[in-house]
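The values are calculated or read from the model by the stated rules, or taken from the named source; none is laboratory data. It should be emphasised that the depicted structure is a prediction, and the values quoted were computed from it without experimental measurement. Every residue, glycine among them, receives a Cβ derived from its backbone with ideal geometry; neighbour counts consider all protein chains shown.
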Amino acid sequence: MTRRLLLEQALEIFAAKGYAATTIDDIAAAAGTTRTTFYMHFASKAQLMQELVTVLDEIFTSADKPPLREVVSSGDRRLVRAFIETKADQWPVTRPYVLAANQAAAVEPDIAAIRERWYDATISEMKRGLDDADRFDPAARRIRCSLAFGELEYLSVRWMLRGWSVVDRTTALDVLVDSWCHLLADDGART
């Protein structure tokens with residue numbers, strides 16, 4: 001229970017003060033405990049952040065029905081749209097985790113490495129979907145997946161920073177679905 005409270009309070013303080021400005025004493029005090037108790041649960045602020053990243057990954061992947069690999073393999077526009085809409089629906093919940101993780105990655109090499117491994121694992125899963133479908137030149141599959149994932153990641157972070165103030169949700173998701181379908185599903189001949 002104390003561990004969960006430390007995680008919850010840390011996430012709130014990271015959102016209010018930023019990752020770098022938040023101290024272990026801030027987190028412990030917000031949880032109604034001490035620095036000593038904090039260290040009984042986490043070796044460092046970075047280790048606490050690693051656990052928050054694990055929670056974030058669970059939030060993201062728990063809603064993936066069907067899983068991303070199957071969505072990409074299918075090439076089905078409706079499944080692509082449903083996947084992207086599900087991700088956008090998750091943004092309000094995942095916002096504090098993503099922003100804290102991005103801030104932490106700027107100052108914590110271990111968090112930056114975890115984020116890069118997560119990106120790589122996601123892109124690899126997408127590529128396996130293209131491999132399963134045997135769509136596109138094998139040499140081009142990874143870059144197609146990298147571009148598609150990069151677009152989703154960019155839009156999600158922009159939304160987390162600014163909301164839908166620049167473009168409305170429907171337009172943004174329509175364009176993103178078009179792009180994903182072009183990159184991941186449209187293997188027609190190019191002239």
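Before moving on, here are some points about what is shown:
- Residue selection: Arg128 fails the criterion of being basic (Lys, Arg), out of contact with any Lys or Arg (no Cβ under 6 Å at 6 or more places or on another chain) and assigned to a helix (DSSP H, G or I).
- Being surrounded by 13 or more Cβ atoms within 10 Å (Cβ to Cβ) and in a loop (DSSP other than H, G, I, E, B) is a property that does not hold for Thr37.
- Count of the range 168-188 residues which are in a helix (DSSP H, G or I) and either at pLDDT below 90 or among the β-branched types (Val, Ile, Thr) (or both): 4
- Residue within the range 14-23 that is assigned to a helix (DSSP H, G or I), in contact with a Ser or Thr (Cβ under 6 Å, 6 or more places away or on another chain), over 30 Å from Met126 (Cβ atoms) and touching a residue at least 12 places away in the same chain (Cβ under 8 Å) present: no
- Being surrounded by fewer than 18 Cβ atoms within 10 Å (Cβ to Cβ), in the same structural domain as Thr171 (by TED's automatic domain parsing) and either modelled with pLDDT of 95 or more or among the aliphatic types (A, V, I, L, M) (or both) is a property that Asp57 lacks.
- Filtered residues of the range 103-121 (kept if surrounded by 14 or more Cβ atoms within 10 Å (Cβ to Cβ) and within 27 Å of Val71 (Cα to Cα)): Ile114, Arg115, Trp118, Tyr119
- No other residue among Glu58, Glu85 is within 30 Å of Asp134 (Cβ to Cβ) and acidic (Asp, Glu) apart from Glu85.
- Filtered residue count, the range 77-94, keeping only those that are under 15 Å from Asp178 (Cβ atoms) and out of contact with any helix residue (DSSP H, G or I) (no Cβ under 9 Å at 6 or more places or on another chain): 1
- Hey, Val107 under 17 Å from Ala10 (Cα atoms) and under 17 Å from the mean Cα position of the chain (by Cα) or not: no
- Single unsatisfied condition, Phe83 versus (1) without any contact (Cβ under 8 Å) to a residue 24 or more places away in the chain; (2) out of contact with any Phe, Trp or Tyr (no Cβ under 9 Å at 6 or more places or on another chain); (3) in a helix (DSSP H, G or I): (2)
- Residues in the range 1-17 that are loosely packed, with under 15 Cβ neighbours inside 10 Å and either modelled with pLDDT under 95 or more than 13 Å from Tyr97 (Cβ to Cβ) (or both): Met1, Thr2, Arg4, Ala16, Lys17.
- Per the conditions (1) of a type outside the set (A, V, I, L, M, F, W, C); (2) assigned to a loop (DSSP other than H, G, I, E, B); (3) touching a residue at least 12 places away in the same chain (Cβ under 8 Å), the sole criterion not satisfied by Ser165 is (3).
- Restricting attention to the range 102-125, the residues being part of a helix (DSSP H, G or I) and either of a type outside the set (A, V, I, L, M, F, W, C) or touching a Lys or Arg at 6+ places or on another chain (Cβ under 6 Å) (or both) number 13.
- Restricted to the range 125-161, and to residues there that are in contact (Cβ under 8 Å) with a residue 12 or more places away in the chain and small (Gly, Ala, Ser), the residue that is farthest from Arg95 (Cα to Cα) is Ala133.
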